[in-house]
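Structure, as structure tokens:
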Amino acid sequence: MKIEFQKETRLQGMPVSPGIACAGICLFNENRHANLAVYQVGHDKRDFEKKRVERAFAIAGRQLEDLRRDVSARIGKAESEIFSAQAGILNDPGVRRDIEALIADNAVNAEAAVTGVMDAYEARLLQLDNEYIRDRATDIGEIKRRLLDIISDINPSLQCAGQPHCQKGRNRIIVAEELTPTLTVELDAGQTRGFVTERGGKTSHAAILARALGVPAVTGIAGIHGAIACGTELLVNGNTGEVVVWPSEATKAALLPAGMAAPARRAGSPVVPGLKVLANISLARDAPEVLAQNAEGIGLYRTEFEFFAANRLLSEDEQAEKYASVVGLMGGKKVTVRLLDVGGDKSEPFLGIAREPNPYLGLRGARFLLSRPDLLATQARALARAAARGPVHVLYPMVVDCRQFLELKKIFTEATAGLKGGRIYHGVMFEVPSACLQARELLEAADFGSVGTNDLIQYLFAVDRNNERVSADYSPDRPVFWNLIESLARAAVELKKPLSVCGELAGDPAYVKKLMQIGIGEISVSAKLIPAVREAALAPAG
């Protein structure tokens, strides 16, 4: 029985894919195998049951190959390897051998054998004290469900499918017990707005795909699938993990980015005199949206997300191909590429970062790059090759002082010595108070600067932006913050060095005019927010 929430209710889960969405929900049919017949078979029927398993494995293999090709074409080769990994599990001779042995030894039907063996595999992985390995249990569960669907001729579907109001996931938030790679990819084709699930980790393959697709996702909301009705409106905050059931108009106005709750504004908005509005991107495939919104360039290309989407380190050739495609597509417009910015909440297992007591104050940003000069050198060469297609602005993350910046720049220039390419500019991110206090020296050494307001607010006020107990202190509405930004702008003007502002603050129309007033002439925001930001900048004062 569904609980009909009658008023706004806030639930807290774990964010696994950033972004904010607000829409009605569709429920995914998770319990389709609950009533599968599980029974003993006669000894003369065991070969027949084994043939059912054999057929299911063959069809599942073809399905996974089709998915791999589709994802490779639509999203990227790196993301498609998720389904290659599932195929690898499916093709492991030991898996099928164990299933057939259970049929032979216990005289059970194919459904019982598949369920028994795959559940045992999944349970063993879930017992391990390693989040990354535990998240691989999702793949085992998905393979089990795929095999059972084929054996029992069941089609996975939206639970509300067939009802008059069902939107088949289009412009809806999908609520499911578990986020799986197949669910993520197949429902995205229906323009899914977001995902909310009861379980699934940050490093799961489905979470990686959701991030690559740009679909907000929150997990860890226990019991939500069985306690909420189809069509209920949800606000999903993939940045903080908060889910709001039946959000009020006030809540939507406060939490949704400006313009999201209103009818979509047209793309290609006019430029603003005295203000350059550039776009943030996370993946190379995001670049066409930058042109569609008539952005004046890319102010922040978060290259670490290319690695996260692939769930592995990328080679020099792979990186060069992605960066060059972006630079070429932009046709001479500014392209600012942030070097690999990891650590803190971005410490995937393939990076080899040891567990730290306080990762936000540990090996992250510039410190990580200095600890792995091999990764920095590889990325530097890839960027130098991409610069043959046009100028590249390289942004160094989480720099704490001038000495650190110069050390990083030295590794970069030494790694690229002798490579033929175009012009490369070296810039500093102002995210740490110590760097802001040394702004003049840093801007003298650098070609440009960019203010990362998200981390700067966090470190300036010693407040964890993901901790709801202290969230009231995570606010730019304090004179000391604006005094600091103004001092950075003043130093940049005096030294004739470009300075931009990125982060959530830059995309909030409420602060656009204030940024312009203190001397900021360039901001970088999510491409979808560009029309709203420009409208705010052009609006009459008052």
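The values are calculated or read from the model by the stated rules, or taken from the named source; none is laboratory data. In this text the structure is predicted, and so the values were computed from the model without any measurement. Because the Cβ atoms are built from the backbone with ideal geometry, glycine has one as well, and the counts that use them run over all protein chains shown. When the accessible area is computed, the model is the full protein with side chains, heavy atoms only, and any ligands, DNA or RNA have been set aside. Shrake-Rupley method; radii C 1.70, N 1.55, O 1.52, S 1.80 Å.
If you take the square roots of the eigenvalues of the alpha-carbon gyration tensor of segment 308-397 and sort them as a ≥ b ≥ c, do you get rounded (a/c under 1.5), prolate (a/b over b/c) or oblate?
Values: a/c = 2.41, a/b = 2.02, b/c = 1.19.
Prolate, because a/c is 1.5 or more and a/b exceeds b/c.
For the chain, the longest principal axis of the C-alpha atoms and the axis of helix 316-330 are separated by about 60°. Using only Cα atoms, find the angle between the long axis of helix 479-495 and the longest principal axis of the chain, and express it within 0 to 90 degrees, rounded to the nearest 10. Relative to the chain, helix 479-495 is tipped by roughly 60 degrees. Roughly how many Å² of M14 are accessible to a 1.4 Å probe, to the nearest 10? Near enough 70 Å² of accessible area. In this Cβ point-charge picture (+1 for Lys and Arg, -1 for Asp and Glu), the chain has a dipole of about 1300 debye about its Cα centre. Summing -39500 (n - 2.57) over the DSSP H runs of n ≥ 4 in the chain and dividing by its residue number, what mean residue ellipticity at 222 nm do you reach, to the nearest 500 deg cm²/dmol? Here the helix-only value at 222 nm equals -13500 deg cm²/dmol. Solvent-accessible area of V71, all protein chains in place: 0 Å² (probe radius 1.4 Å, heavy atoms, ligands and nucleic acids excluded). Farthest toward the positive end of the dipole of segment 284-424, out of V400, G362, L419, is the Cα of L419, where the dipole comes from beta carbon charges about the Cα centre. Using a probe of 1.4 angstrom and keeping all protein chains present, the accessible surface of segment 420-539 works out to 44 square angstrom per residue.
Under 8 Å for C-alpha pairs, at least 6 residues apart: give me the relative contact order for segment 345-444, rounded to a whole percent. Walk me through the numbers on the way to the answer.
Details: 119 pairs, mean separation 30.2, N = 100.
Dividing the mean separation by the residue count of segment 345-444 yields 30 percent.
Using only the Cα atoms of the chain, build the gyration tensor, take square roots of its eigenvalues as a ≥ b ≥ c, and label the shape rounded, prolate or oblate: rounded if a/c is under 1.5, else prolate if a/b is larger than b/c, else oblate. It is prolate, given that a/c is not under 1.5 and a/b is the larger ratio.
If a/c stays under 1.5 just call it rounded; otherwise compare a/b with b/c (prolate if a/b is bigger, oblate if not). Do that for segment 500-542, with a ≥ b ≥ c from the square roots of the Cα gyration tensor eigenvalues. Judged from the Cα gyration tensor, segment 500-542 comes out oblate (a/c at least 1.5, b/c at or above a/b).
Please tell me which of these pairs span more than 27 angstrom C-alpha to C-alpha: K252/K322; K334/K496; K409/K514? Present the calculation step by step, with values, prior to reporting the outcome.
On the way: K252/K322 36 Å; K334/K496 17 Å; K409/K514 33 Å.
The pairs that break the limit, which is 27 Å between Cα atoms, are K252/K322; K409/K514.
Summarising the amide proton neighbourhood of G200: residues at separation of 5 or more, or on other chains, whose placed amide H is nearer than 5 Å comprise G220. Within the same chain, lysines fewer than 8 places from K528 are excluded, and of the rest, those with a Cα less than 16 Å from its Cα are K276.
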